[in-house]
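Laboratory data are not the source of any read-out in this text; all were calculated from the coordinates shown. Since the structure is predicted, the reported quantities are computational estimates derived from the model, not experimental observations. When we count neighbours, we look across all protein chains shown, and the Cβ atoms used for this are built from the backbone with ideal geometry, even at glycine.
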Amino acid sequence: MLALSAALLAGAASAKTVTVRVARHEALQDPQIRYVLLLLRTSLERSGYTVQLEQSKNVMVQSRALLELGGAKPSLDVFWTMTNPERERDLLPVRIPLDRGLLGWRLLLVRAAELERWAGVQTLEQLAALKAGAMSDWPDTAIMRTNGLQVQTGTHFETLFRWLAEGRFDYFPRSVLEVGLEALDNAVRGLVIEPHLLLHYPAAMYFFVAPAKPQLAADLTAGLESLVHDGMLEKLWLAQFGDVIERYQLRSRRLLSLRNPLLPASAPLARKNLWFGI
């Protein structure tokens, strides 16, 4: 990863300087932040910029960051999150999935003492008898409910792990990008990754740009397309996430597929080179 970064930086153009304001995230809530910021910087360098990234002074949860990005006087220029119709209506989407759709591949954090119970869960109907946990402002919540799944929502991310350990809900679906560190950090609470199931729904994590910055959105799009064209986006993705598929044995798990009614029709699903698939 570092070698790739150095090579990219060495070849970057430096005709213009741009300061890009981004949200400061809780590290546990956004473990791929270094990768995303590398894509942001590298894409704009491909468009001819020298990039200075400026993080917000305070940590922002997703809902706050989106409000700041879409406000009349935005304090942020770029944010990255799962797309939905409202976000594409109110903000400027850069329609290239940064994680090649991995955000929609979900493993379940559960209580270790109940693993035997989970061995009997084989279908969506059986899963629907149990209750998931999620943040109230996450698109995941609406997606799961649309598919008939029960969801207990909260407004504080860290609290959800405690609630799971305490039995307020039965499982916490987390993307394969996030679940490893979260399982490690919450092992003391008796939480583990359920070993048999894999949830999937088509999902796209995009860069979103403040509506007042259409040129920034255009330049970011052009830079990302350049990375796609010469294969560098996939190389960066593999360097960051290449071991995930084997580590969690995704191909041998029971796949439960969910519909995603929140995925806009504009999502580039036909561009197969932009997506991971089993």
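Given the range 173-278, report the % of alpha carbon pairs whose separation exceeds 21 Å.
Numbers: 2875 of 5565 pairs.
Roughly 52 percent, once rounded to a whole number.
Kirkwood hydrodynamic radius for the chain: how many Å is it when counted over pairs of different Cα atoms? Computed over the chain, the radius equals 19.6 Å.
Our note on the geometry: Cα centres of the range 47-61 and the range 197-220, 16 Å apart.
For the pair the range 85-155 / the range 164-180, the C-alpha centres are spaced 10 Å from each other.
How much of the DSSP beta bridge set in the range 105-200 is antiparallel, as a percent to the nearest 5?
Details: 9 of 15 bridges.
Of those bridges, close to 60 percent are antiparallel.
Within the range 247-278, whose backbone N sits under 13 Å from a point 7 Å along Cα→Cβ of Gln122? Counting only backbone N, you get 254-255.
With the simple model of a label 7 Å out from the Cα in the direction of the Cβ, Arg64 to Glu246 spans 4.0 nm.
Here, the range 152-222 has an Rg and a Dmax of 17.3, 48 Å when only alpha carbons are counted. The string of couplings for the range 164-177 from the Karplus curve (6.51, -1.76, 1.60, θ = phi - 60°) is 4, 4, 7, x, 6, 8, 9, 7, 10, x, 10, 5, 5, 6 Hz, one whole number per residue in order, with x for Gly and Pro.
What are the semi-axes of the equivalent ellipsoid for the range 105-200, taken as the square roots of 5 times the Cα gyration tensor eigenvalues, largest first, in whole Å?
Numbers: eigenvalues 61, 54, 31 Å².
Computed over the range 105-200, the values are 17, 16, 12 Å.
Working from label points 7 Å from Cα in the Cα-to-Cβ sense, the Leu255 to Val188 distance is 3.8 nm.
Counting lysine pairs in the chain whose alpha carbons fall under 28 angstrom apart, excluding pairs fewer than 8 residues apart on the same chain, gives 8.
Working from label points 7 Å from Cα in the Cα-to-Cβ sense, the Lys272 to Ala72 distance is 5.0 nm. Round to the nearest 0.05 the FRET efficiency obtained for Glu166 and Ala222 when R0 = 45 Å and r is the Cβ-Cβ distance. Efficiency computed from Cβ-Cβ geometry: 0.40.
How big is the equivalent ellipsoid of the range 218-278 along its three axes, where each semi-axis is √(5λ) from the Cα gyration tensor, reported in whole Å from largest to smallest? Could the numbers behind the result be given before it?
Values: eigenvalues 121, 74, 14 Å².
Whole-Å semi-axes of the equivalent ellipsoid: 25, 19, 8.
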